[in-house]
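Have a look at the structure below before the remarks.
The values are calculated or read from the model by the stated rules, or taken from the named source; none is laboratory data. Keep in mind the model is a prediction, meaning the values are calculated, not measured. Please note: Cβ atoms are built from the backbone with ideal geometry, for glycine as well, and neighbour counts cover all protein chains shown. Ligands, DNA and RNA are excluded from the accessible area calculation, which covers all protein heavy atoms including side chains. Shrake-Rupley method; radii C 1.70, N 1.55, O 1.52, S 1.80 Å.
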Amino acid sequence: MLQKGELINMEKSKQNTYLKNFYKIYPIFYGLSGDLLFYVAIDTLFYTVVKGFSPDQLALLTTISSLFCILLKIPITKIIEKIGNTKSVRMGTFGLIISSVIITFSKSYLIIIIARIIYLISFVLKNMDNVMLKNNLAIQNKSGDYAKITNRGSTMYAIITMVIALVAGYLFNVNHYLPMYLCITFCIISFIISLYLKDISTNDIDNSNIKNSKQKVKFSKIVFIVLIFFGFFYGLIEVGQQNGKLLIQYELSNIYDISLTAKYLGIIIAISRVARVIGNICFEKIYTKFKDKVGIIFCVLITMSFVFLSVGYFFNYNACIKFIIMAIGFCIILAIRDPFKIYVYDLSLRVSNEKERQSVTIYLEFARRIGATIISLMSTIILTKVTLIYVVACLLVLAVIELELSIKIYKIIKREGLCI
């Protein structure tokens, strides 16, 4: 009969084996569930060509869905606290299947708005995988490996989407619905993988949060500021990426037919995905060298991206040079998207305790949604009066303001001794 000590050692060995496999599977799951694969490569084309939506309808689609997601924050938070990180991730990946199916087959603008709401809520739930990873790492005192493991997943996602971008335009021309069928397939695969991932820490379901759910979570000053910083910066990335791609698409369509527009846009998106891979690969070394100064670097880069998009738009002497300049601006947005998110999540989870991680992660996602909603609403209002280039100009102004905020954040982090 096994002694108590032997049973403990066996359980610990079993736990270590699971965690070892978890760290191998997690980057694959992260890479496949980073977004709706294939859909993100042809979303504007799919909405404008297949669904017949106008630019202001696209902007309104983002605004309304984000607003509803924000309004549903309290019930979503209660669900996560009640079911825990593991079930939240599984429910989130299943929700992505539902949203992708509705987007593919529905012809109603209203129903697609509902699908977008499900899509955004699903990502709030799925993002508990960050807490799951952090908690599992904490069990083995490996919290410092969070950025490294997450970056592997981001790099995998970047490589997958790069390959997708190379073929998405061709697949779209063969059959407008083919990329969406593949999107649904990858959502199903992600859901299956999620069934093999779990948070084995005691913080999977935080009973103290449930008992005190009526009490407001009080974050430190730095966490609160980072939430604001993250929300507006990611809003710039999301709205900038969508409108930047749409601006390039319309400029292409002014010169070429729909077939060549889809082809050239596909090439630009493919190049941007290469930039995204490079950004992910370089991030670990850059983060190690510059540490918390990378926040300032990201803001400088996002500012430059809108400068390139604007300059390229007004450059009409040579079509090739024009689209190269615009593509550079678009590529910068893609290159910093994943590294910025990893940095802010790492910073936020680093300065918060285990009991706050669920709440911090939830608030990060809602800060992102609030920032995207505000900036998207601004874009919608502008598009009712003027063209897309004015939206890009406003994003440039906001990027400069964000740069000033990043400098302030770094000074606070340095002063309070929170730099790594």
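Under the simplified labelling scheme, the VAL307-LYS148 pair shows an inter-label distance of 3.6 nm, with each label point 7 Å from Cα along Cα→Cβ.
You can think of it this way: the chain between ASP56 and THR202 has 47.9 nm of extra reach, that is 0.36 nm per residue less the Cα-Cα gap. Run through the stretch 314-404 and list the chymotrypsin sites (Phe, Trp or Tyr not before Pro) located in a DSSP loop whose Cβ has at most 14 other Cβ atoms within 10 Å. Passing both the DSSP loop test and the Cβ count: TYR317. Here the label points at TYR256 and ILE28, each 7 Å from Cα along the C-beta direction, are separated by 3.7 nm in the simple model.
Within the stretch 42-130, the trypsin sites (Lys or Arg not before Pro) that combine a DSSP coil assignment with at most 10 other C-beta atoms in a 10 angstrom radius are LYS107.
The helix-based estimate of mean residue ellipticity at 222 nm for the chain, built from -39,500 (n - 2.57) per DSSP H run of four or more residues and divided by its residue count, is -28500 deg cm²/dmol to the nearest 500. Spin-label model, VAL400 to GLN140: label points 7 Å out along the Cα-to-beta-carbon direction sit 4.9 nm apart. Using R0 = 45 Å, the C-beta based FRET efficiency linking ILE79 and LYS107 works out to 0.90. Across the stretch 288-348, Cα pairs under 8 Å and at least six residues apart give a relative contact order of 36 percent.
PHE290 to SER220: FRET efficiency via 1/(1 + (r/R0)^6), r the Cβ-Cβ distance, R0 30 Å, to the nearest 0.05?
Details: r = 23 Å, r/R0 = 0.78.
Approximately 0.80, to the nearest 0.05.
Accessible surface of the stretch 92-168, 1.4 Å probe: 71 percent of it comes from carbon and sulfur atoms.
Among the protein heavy atoms, those of LEU227 account for about 20 Å² of accessible surface (1.4 Å probe, every chain in place). Among the trypsin sites (Lys or Arg not before Pro) in the stretch 325-398, those placed in a DSSP loop whose Cβ has at most 13 other Cβ atoms within 10 Å are LYS385.
Let me know the shape class of the stretch 292-410, please: from the alpha-carbon gyration tensor, a ≥ b ≥ c as square roots of the eigenvalues, rounded when a/c is under 1.5, otherwise prolate if a/b is greater than b/c, or oblate. Since a/c reaches 1.5 and a/b is larger than b/c, the shape of the stretch 292-410 is classed as prolate.
PRO75 sits among other residues whose Cβ lies under 12 Å from its own Cβ, and their net charge, with Lys and Arg +1 and Asp and Glu -1, is +2.
Give, rounded to the nearest 20 debye, the magnitude of the charge dipole that the chain has about its Cα centre when Lys and Arg contribute +1 at Cβ and Asp and Glu contribute -1 at Cβ. If you can, show how the numbers build up before the last one.
On the way: 45 positive and 24 negative charges, 202 e Å.
Roughly 960 debye for the chain.
A dipole drawn for the stretch 40-149 from +1 and -1 charges on Cβ atoms has a positive end, and of GLN57, PHE46, PHE68 the residue lying farthest that way is PHE68. Pairs from the list LYS134/LYS221; LYS341/LYS414; LYS126/LYS263; LYS221/LYS293; LYS134/LYS414 with a Cα-Cα gap above 27 Å: LYS126/LYS263. Between helix 55-71 and the chain there is an angle of about 20 degrees, using the helix long axis and the longest principal axis of the Cα atoms.
Show ILE362, ILE296 ordered by accessible area, largest first, where the area counts protein heavy atoms only and the probe is 1.4 Å. Don't skip to the answer; put the middle values down first.
Numbers: ILE362 5, ILE296 45 Å².
These residues rank, largest area first, as ILE296, ILE362.
Placing +1 on each Lys and Arg Cβ and -1 on each Asp and Glu Cβ, with no other charges, gives the stretch 44-168 a dipole about its Cα centre of roughly 280 debye. Based on the Cβ-Cβ distance from LYS411 to TYR170, what FRET efficiency comes out when R0 is 41 Å, to the nearest 0.05? Result of the calculation: an efficiency of 0.25.
For the stretch 1-146, what relative contact order do you get, as a whole percent, if you take Cα pairs closer than 8 Å and at least 6 residues apart? The partial results should precede the final answer.
Values: 85 pairs, mean separation 33.0, N = 146.
Value for the stretch 1-146: 23 percent.
Once a ≥ b ≥ c are taken as the square roots of the eigenvalues of the Cα gyration tensor of the chain, is the result rounded (a/c under 1.5), prolate (a/b larger than b/c) or oblate (a/b not larger than b/c)? Can you show the working numbers first?
Numbers: a/c = 1.74, a/b = 1.49, b/c = 1.17.
It is prolate, given that a/c is not under 1.5 and a/b is the larger ratio.
Could you work out how far helix 128-139 tilts from the main Cα principal axis of the chain, as a 0 to 90 degree angle to the nearest 10? Taking Cα atoms only, the helix is inclined about 40 degrees.
Averaging over all projection directions, find the projected area of the Cα convex hull of the stretch 52-111 and quote it in nm² with one decimal place. Could the numbers behind the result be given before it?
On the way: hull surface 18.8 nm².
Over every viewing direction, the Cα hull of the stretch 52-111 projects on average to 4.7 nm².
Between helix 319-350 and the chain there is an angle of about 20 degrees, using the helix long axis and the longest principal axis of the Cα atoms. By its C-alpha gyration tensor, with a ≥ b ≥ c as the square roots of the eigenvalues, how is the stretch 54-179 shaped: rounded for a/c under 1.5, else prolate for a/b larger than b/c, else oblate? Oblate. Volume of the convex hull of the stretch 1-127 (Cα atoms only), normalised per residue: 123 Å³. For the stretch 52-132, averaging the sequence separation of C-alpha pairs within contact (under 8 Å, six or more residues apart) and dividing by the residue count gives a relative contact order of 42 percent.
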